Every structure is written in C-alpha cells, then in structure tokens.
Amino acid sequence: MSDALQQLKTRLDDIANINSAVGVLGWDQQVFMPEGGSETRAGQLSTLSRIAHEMFIDPEVGKLLATAATESNGADYDSNDASLIRVTRRDYDQSTRIPAALVAELNHHSTMAHPVWVKARADNNFKLFAPYLQKTVELSRRMAEHLGYTDRLYDALIDQFEPGMKTVEIEAMYDDLKQSTVPMIQKIKDRQDRANDDVLRRFYEEAKQSDFAVRVSRELGYDFNRGRQDRAVHPFCSGFSRDDVRITTRYDQHFLQAALFGTMHESGHAMYEQGVGADLPKRLATGTSLGVHESQSRLWENIVGRSRAFWTHYYPLIQQVFPDSLGDVDLDTFYRAINKSAPSFIRVEADEVTYNMHTLVRFELENEMLDGKLDVMDAPDAWNAKMQAYLGITPPTDTLGILQDVHWSGGLMGYFSTYTIGNILSAQLYAKAIADVPSIPADIGQGKFSSLLGWLNTNVHAHGRKYMPQELVKRATGEPLNSRAYVQYLNTKYGEIYGF
Ligand code: ZN
C-alpha cells in the first residue's frame, strides 16, 4: 500500500472515530440524558462535529487523495482501496464546495426557525412561518449553487442524500406511481367497509408489547450481541460501527401498530448497518444513502411484517400474548386491520398505498419554490390543491397540512423523495430476492428469515458505501430503480384486500 494511502486511511479512521463518538452522544441525548444536560451536550456535539469537519476539509486530505489516486491508478474498481479513494473524493469535493459561512448561516437559521415553526403549527398560523420558509428556500438555492448542478437546482440537493440521483429520474418514478396510485386510492376509499383497525386500539400492555417486538426483531436477524433496543420519544436507529447498532421504540398501549411495526422498521435499518462488510474501511462501513436505507426498513416492516405469510406463523403466538384483546379476532381480520388503507392528512401516519402521494406533494412544492414558480405565500393553497388531486382530501387547517413536517424549519430541502425511493426499492429488491431464492416466501411463513437476510447481506449490505445508489440497485437487481415491482405489489395485495 502506498504511503499516501496509508496516511489517508489513518486520518479518515480518526475522523470516523470522532463521528461515531458524536453518534453515541446523540443517542444518549435522546435515550438517557436528563433534560438539564441539553446545553452542555449541544456544545460537545458542535465542538466534535467541527473538529471532524475541519480535519476532513483540510487541504492535506486533498493532496493525499490526489497522490493515493495516482499511485493506485489501475486498481480494481471493486477493491476496498479504489472504492475508498473514489467515495472519499466525492465526499471531499462536496464538503469543500460549501463555504463555512453558509453552514453557519444554515445552523443559525434552523435554530431560529424551529421554535417559530412549533408555534406556527400549534396556532395554525402559516404567515408566522412563511418568512422562515422563504429563507429556507433561499439558503437551499445558495447551497445548490455552491454544490453545482447541470440541469435542476434540486439535483444538487438530492445528491447530498442520494448520491448521483437526478431530479428527472425521481419525476419519472413519481409519474408511474401517480398513474397507478391515484385510481387505487379512490377504489379503496369507496370500499372502506372491507378493513378496519379497531381491534388494534384495544388494550396492549407495554411490557408485553416490548417482549414480543424484541422477540420478532431477534428472529428477523437483528443481532442483539451487537445491538440493543431502548425507549425514546422518536424511534430511530443509530450505528457507531457494524458491531454496535442500536434502535429505539415508542409505545402506545392503545395502538398495537406503533411499537410492533416501528421495531421491525428500525430493525431493518439496523440489520443493514450490522451487515456491512467487516473488511470495509470505516468511512465505507455504513449504508450508501437514505433511500437505500429506507428500502431495508420498509422491506422488513411492510413487505415481510405486513404479509399474510408472516402472520400465518406469528398470529397464534401474538394471540397467546394478548388473549384478552386478540382471542376473539381471526387471522384474516387482523391481517386486514394492519393493512387498512385510507387517505389521511398526516404523512407519518400514512399507509403504504397513500404514503408516496404525501412525499410527492412535498417534492413538487420544493421544486416549484426552488425554481421560483411558486411564491411561498401561495404554498398552502398549492399544498391543499395537490392533496385534493392525489388523495381526494383537503386539509381543514395548515397544521394538518403544510405545517406538519419539521424538515423545512431545519433548512432542509430535497429529503422527502428519499422515503419513496426506499418504498419502491424495497419491492424491487424483494422481487429479485425471491427470483433468486424461490423458497423465501415459504420460509417467511415458517418464521425463517435467514434466506432473505442472506440475500440482502450479499447483494446490498456487504457493499456499504462502495457503490452509489443507482449503481447498487443495478448490480443487485439488474435494472435501474423503477416503480414496477412496487406497483405490482400494491395491486396484488390491496386488490385482494379491497376486492378490485
Ligand atoms: Zn426509516
């Protein structure tokens, strides 16, 4: 190994160590830290993040990268060394293009905007938040100008979350989804008597929910020797290395779905992090993008966890845990309850049919505002019109409409479409997995998940960040990202439940 590459690796490992310490502090903040510790913790996090950032954008890293690239010229594209140099070059160019002053301005903006958004949402007062949303749009435009793009402003923003992904590709994905989903939502809306989730709102004792969810999570393949589960206000997954990946869950004793499916969702994220190749350099030893990450959580939560096969195995077991609440409910009623679909106002509560129309509303609005085609003051009306067009409902208030998400108050744009990339990719990957390993559906019906997890390990997880999302999808499935498998999945599943 060249001297430059060795020096580069040492430095990148140091930076990765600092960043994973930041991760541990962030996890502690949400799980154990007393409220009084907030200010001290904010200071610790900002100091460590700044040190890691400064170490990374140091011109010395640029020099080492250039020398290492020359010296390893001709190395196998798939090798860890060539991948490390390639990925780090991308990260480095991206990080050094954003001026420190703009980062500071963004941080300042989100600190100021967040409490205003909280108040605006509580008071249903969009006007209060409008100047801050305007500022988010302006800062996002400036960010895009610094990052660079050839076609669309949004290209630069999505690139931070889905490296290499283009706005036109996302538009094509949504066009297909819109065509098939809008009529499906209407059909389901007219057949609401075919599923209801009342049984999930009976009483489910928290401790029993926790035991059952952890049991399922363990059986799916989440390794608790290298992980743990705790309670937190917001469910999340946080990995500090492949050998320490933790998840959190929240409980509602009168809504069984929250903890059970939330745990499967976070376990999906965690198994991705636990599955990255043990030989990968630290910088590459994590998921490659938000969308690919979400494909893993959605696959386990929805395609596996909300399937009839899965509950054929688990339903008798969960009935034993909650005999008072589920003893008189048959499998079919339960299956329909956990898959009930209906248009609703709030994205995070949306089911798998309607969910993508929520992110589409945001994707279109972000693009229209960034491109100057939509004035921020007109955004609530535009939001409501799109909700009516795609979901057939109009939010009665902005609190239930444009003010519901935290993201824009954090100065973030370009993020929402990654959720939908995850959804459609979950089905695309699953379709290829069962084509390669036909026993997978039957295995799931017997509570065995190693055939599916093994396929995901080999084709997705093991690569870490070596490949960009589109590259990884092409390698794993033989096709570019597309919504065909997802649409087919929805049609088959919901056609059967709702009878169309
Ligand atoms: Zn997720």
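The values are calculated or read from the model by the stated rules, or taken from the named source; none is laboratory data. Values in this document were obtained by computation on a predicted structure and should not be read as measured data. Positions of Cβ are backbone-derived with ideal geometry, glycine not excepted, and every protein chain shown enters the neighbour counts. Just the protein is used for accessible areas: all its heavy atoms, side chains included, with ligands, DNA and RNA removed. Shrake-Rupley method; radii C 1.70, N 1.55, O 1.52, S 1.80 Å.
Which percent of the Cα-Cα distances in region 167-498 go past 32 Å? List each step's numbers first, then the result.
Details: 15615 of 54946 pairs.
Roughly 28 percent, rounded to a whole number.
Nearest 5 percent is fine: what portion of the DSSP beta bridges confined to the chain is antiparallel?
Details: 4 of 9 bridges.
Of those bridges, close to 45 percent are antiparallel.
DSSP loop trypsin sites (Lys or Arg not before Pro) in region 249-323 with at most 15 other Cβ atoms within 10 Å of their Cβ, which ones?
Details: sites: ARG250, LYS282, ARG283, ARG298, ARG306, ARG308; in loops: ARG250, ARG306.
Taking region 249-323 and a limit of 15 other Cβ atoms within 10 Å, the loop trypsin sites (Lys or Arg not before Pro) found are ARG250.
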If every Lys and Arg gets +1 and every Asp and Glu gets -1 at its Cβ, then about the Cα centre region 167-498 yields a dipole, in debye to the nearest 20, of 800
Loop chymotrypsin sites (Phe, Trp or Tyr not before Pro), region 1-84 (other Cβ atoms within 10 Å of the site Cβ: 13 or fewer; DSSP):
PHE32, TYR77
Gap separating the Cα centres of region 398-437 and region 49-74, nearest whole Å
32
Any idea what diffusion coefficient region 280-333 gets from Stokes-Einstein, in µm²/s, Kirkwood Rh on alpha carbon pairs, 37 °C, 0.692 mPa s?
240
Which value results when the Cα radius of gyration for region 101-186 is divided by 2.2 N^0.38 Å?
1.40
Within region 393-421, backbone nitrogen closer than 19 Å to the virtual label 7 Å beyond the Cα of GLU349 toward Cβ
393-407
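Please pull out the direction-averaged projected area of region 434-500, using the convex hull of its alpha-carbon atoms, in nm² to one decimal place.
Values: hull surface 22.2 nm².
Dividing the Cα hull surface by four gives the mean projection, 5.5 nm².
Kindly report the accessible area of the chain per residue (heavy atoms of protein chains, probe 1.4 Å, no ligands, DNA or RNA), in Å².
42
In Å, what Kirkwood hydrodynamic radius results for region 300-439 from the alpha-carbon pair distances?
Result for region 300-439, one decimal place: 17.6 Å.
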Given a 1.4 angstrom probe, I'd like the percentage of the accessible area of the chain that is carbon and sulfur, rounded to a whole number.
52
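Given only helices, namely DSSP H runs of n ≥ 4 each adding -39500 (n - 2.57), what is the per-residue ellipticity at 222 nm of the chain, to the nearest 500 deg cm²/dmol?
Working: 21 runs with 313 residues, N = 500.
Per the formula, -20500 deg cm²/dmol.
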Sites matching chymotrypsin sites (Phe, Trp or Tyr not before Pro) across region 192-250 that sit in DSSP coil, with at most 14 neighbouring C-beta atoms within 10 Å
PHE203
